[in-house]
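Heads up: the structure comes next, in structure tokens.
The values are calculated or read from the model by the stated rules, or taken from the named source; none is laboratory data. Model, not experiment: these values are computed from the prediction. With ideal geometry, Cβ positions are generated from the backbone for all residues, glycine too; neighbour counts draw on all protein chains shown. Side chains included, ligands, DNA and RNA excluded: accessible areas come from the protein's heavy atoms. Shrake-Rupley method; radii C 1.70, N 1.55, O 1.52, S 1.80 Å.
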Amino acid sequence: MSTLPQTIAPTAAIEQLRADWDREHIQDIQYLPGGYSNANYVFTYLQDRFVLRIPFWRQPFTDYAEEANWYHKLRSQDDLIGPTPIAIDENTGCMITPWVEGELLIDYAQDTDPASLIDELATYLTNLHRHMPRSNRHYQLNALTQIYVPESTFTATPTRAVQTCHNDLNPWNVIVNSQGWHTLDWEVVGQHDPLFDLVNLHQGLGLPDELLENFVRAYAPALVDDEHRLAVNLRNYWIREWAWATYQIEHGNDRPEILEQASDSAQRLAQLESSPCP
């Protein structure tokens with residue numbers, strides 16, 4: 001049974017974040033399903049739409065002051081990176097961002113031919129990595145896994161941190177519209193192997209295994225022959241998915257989709273363990 005902590009009421013959070021706003025103009029607050037570690041709401045203020053994020057609790061690796069600094073860096077980039085907040089509380093992580101109209105990548109992918117989608121994904125990821133400012137943090141997955149599950153028998157393999165990566169680039173964090181692809185949720189941005197972002201997109205969309213190599217070729221042809229590096233990032237991805245879900249469940253965040261993630265990722269890891277990295 002879930003024991004998630006009670007979070008602040010949406011209206012109260014909005015008022016704390018924007019004390020200059022008139023309460024009577026805060027309207028049409030609606031819960032947005034899908035947030036795994038945050039409660040998200042859409043609302044209107046003076047005809048404009050916004051999204052409110054209220055974290056359930058502070059997650060490992062999450063640093064709200066660093067996140068606020070990251071969004072400050074993003075303001076100099078174009079809208080393809082994603083919306084930047086109009087308010088963020090560096091203590092609680094509560095945040096208001098503009099609403100972005102469009103279709104979630106998970107839905108967009110269902111109506112797109114997989115082969116064509118691979119080319120679009122590669123173009124998106126190339127542009128994203130090219131536009132991102134440098135992060136001062138390193139996403140050290142092995143250390144993070146040990147925080148999630150100290151007794152874990154799965155050990156993430158260290159990889160080279162070669163550039164800034166999103167590190168949670170799942171298809172619910174990308175919105176597609178006529179202006180481009182917009183990236184959300186930058187809580188775990190940091191220096192990492194870009195193939196981790198690539199694997200995250202591929203696996204999160206449930207694309208056929210045989211298209212993974214095609215994705216790498218379209219993204220960075222020089223990396224196609226590095227089978228070991230790709231295999232390491234694939235295994236690391238599933239270790240992270242399993243460890244994160246296990247941590248959430250142990251802390252009371254035991255929603256059905258998280259229970260399913262823990263089970264599915266454990267099965268994938270078992271399959272990968274039976275086929276060692278090349």
Expressed to two decimals, the range 9-145 has a Cα Rg over Rh, using the Kirkwood radius, of 0.99
In whole percent, the fraction of accessible protein surface over the chain that belongs to carbon or sulfur atoms, probe radius 1.4 Å, stands at 50
At q = 0.13, 0.25 Å⁻¹, base-10 log of I(q)/I(0) for the range 168-211 (Debye sum, equal scatterers on each alpha carbon)
-0.32, -0.98
Taking placed amide H atoms and a strict 5 Å upper bound, the residues 5 or more places from A39 or on another chain that come that close are I54, F56
From the phi of every residue in the range 114-123, what ³J(HN,Hα) in whole Hz does the Karplus formula 6.51 cos²θ - 1.76 cosθ + 1.60 yield, where θ is phi - 60° and glycine or proline is x?
x, 5, 5, 4, 4, 5, 5, 4, 5, 5
Averaged per residue, what accessible area in Å² does the range 83-123 show with a 1.4 Å probe, protein chains only?
48
If you take every residue apart from Q271 with its C-beta less than 15 Å away from the C-beta of Q271, what net charge results, scoring Lys and Arg +1 and Asp and Glu -1?
-2
Ratio Rg/Rh [Cα only; Rh per Kirkwood] for the chain
0.96
All other residues with a Cβ under 11 Å from the Cβ of Y148 taken together, and with Lys, Arg as +1 and Asp, Glu as -1, what is their net charge?
-2
If one computes P(r) from the Cα atoms of the range 103-250, what percent of pairs lie at distances over 22 Å?
39
Any idea what diffusion coefficient the range 92-166 gets from Stokes-Einstein, in µm²/s, Kirkwood Rh on alpha carbon pairs, 10 °C, 1.306 mPa s?
98
Counting each DSSP H run of 4 or more residues in the chain as -39500 (n - 2.57), what helix-only mean residue ellipticity at 222 nm follows after dividing by all residues, to the nearest 500 deg cm²/dmol?
-13000 deg cm²/dmol
Taking amide H atoms as placed 1.01 Å from N in the peptide plane, list the residues 5 or more away in sequence, or in a different chain, whose amide H sits under 5 Å from that of C165.
G190, Q191, H192
Diffing the range 8-15: the Karplus 3J(HN,Hα) column from phi (6.51, -1.76, 1.60, θ = phi - 60°), in whole Hz with x for Gly and Pro, holds 5, 5, x, 4, 5, 5, 4, 5
Net charge within 13 Å of D168 by Cβ-Cβ distance, Lys/Arg positive one each and Asp/Glu negative one each, not counting D168 itself?
-4
Taking amide H positions as placed 1.01 Å from N in the peptide plane, with prolines and chain starts having none, which residues 5 or more places from W181, or on another chain, fall under 5 Å of its amide H?
none
